[in-house]
Amino acid sequence: PTSADNSDCTSVNLYVGWADVLTNDGEPRWDFGAATQLPGLRINGVIYRDSDGDGALDGNDAFPLDSSEWVDSDGDGIGNNADTDDDNDGVEDSSDAFPLDASESVDTDGDGIGDNADAFPTDAAESADTDGDGTGNNADTDDDGDGVEDSSDLYPLDASESADTDGDGIGDNADAFPMDASESADTDGDGVGDNADAF
């Protein structure tokens, strides 16, 4: 860090020479390589240190005195590196398609969406069924089930809207003035749009 007034910065106990990297759990860490240990750093009274030298600052390190661990995703007291079930869902990480998501462990169709959240877990071409009619959105010609084909529906996932006649970005059903692009609301209900209404 730099400061016009170096009185805010004093040495404490830190390392220099790091580069941002991502670990296997997706958490950012620093790679110290042949870094030099310095007396540390205090910025505006806050001490920043990495007691075990693993690249995770103590405040963000679940195991500040163990250089082989820094994250415990499921809070079971076992660091992710040693834990064989990081999300504690009962499925070993080696067999879990979503090792950090306790609500998912299988993706049968390989579409990247876990079976629990996937409306069609055995069909890689489908994952959602907005209108709940049993036909996935990719195959359904009326995704929201409003009776207007998706190809003609300006709001294909909103059953309450299908057109925006004045092109103001507000669907006709929600627009108090669907034929007037300069108006969309009439807060006081006097028949004059808010933009033109002086009172």
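A short reminder: the numbers here are calculations on the coordinates, not readings from a lab. Just so it is clear, the structure is predicted and the values come from calculations on it, not from any experiment. Every residue, glycine among them, receives a Cβ derived from its backbone with ideal geometry; neighbour counts consider all protein chains shown.
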Query - From phi via Karplus (6.51, -1.76, 1.60), per-residue ³J(HN,Hα) for region 192-198 in Hz, x at Gly/Pro - result: 10, x, 4, 5, 9, 7, 7
**Report entry** 3J(HN,Hα) from dihedral phi, region 76-84, Karplus parametrisation 6.51/-1.76/1.60, rounded to Hz, x for glycine, proline
**Finding:** 8, x, 10, x, 4, 5, 9, 6, 8
Query raised in the report: Can you work out ³J(HN,Hα) from phi for every residue in region 128-141, in order, using Karplus 6.51 cos²θ - 1.76 cosθ + 1.60 and θ = phi - 60°, giving whole Hz and x for Gly and Pro?
Result: 10, 9, 3, 8, x, 8, x, 10, x, 4, 5, 9, 7, 8
Report summary line: The Kirkwood hydrodynamic radius of region 93-197, taken as the inverse of the mean 1/r over all distinct Cα pairs, in Å, comes to 16.6 Å
Query - Dipole moment magnitude, nearest 20 debye, region 83-199 about Cα centre, only Lys, Arg, Asp, Glu C-beta charged - result: 220 debye
Query raised in the report: About the Cα centre of region 151-197, what is the dipole size in debye to 20, counting +1 per Lys and Arg Cβ and -1 per Asp and Glu Cβ, all else neutral?
Result: 200 debye
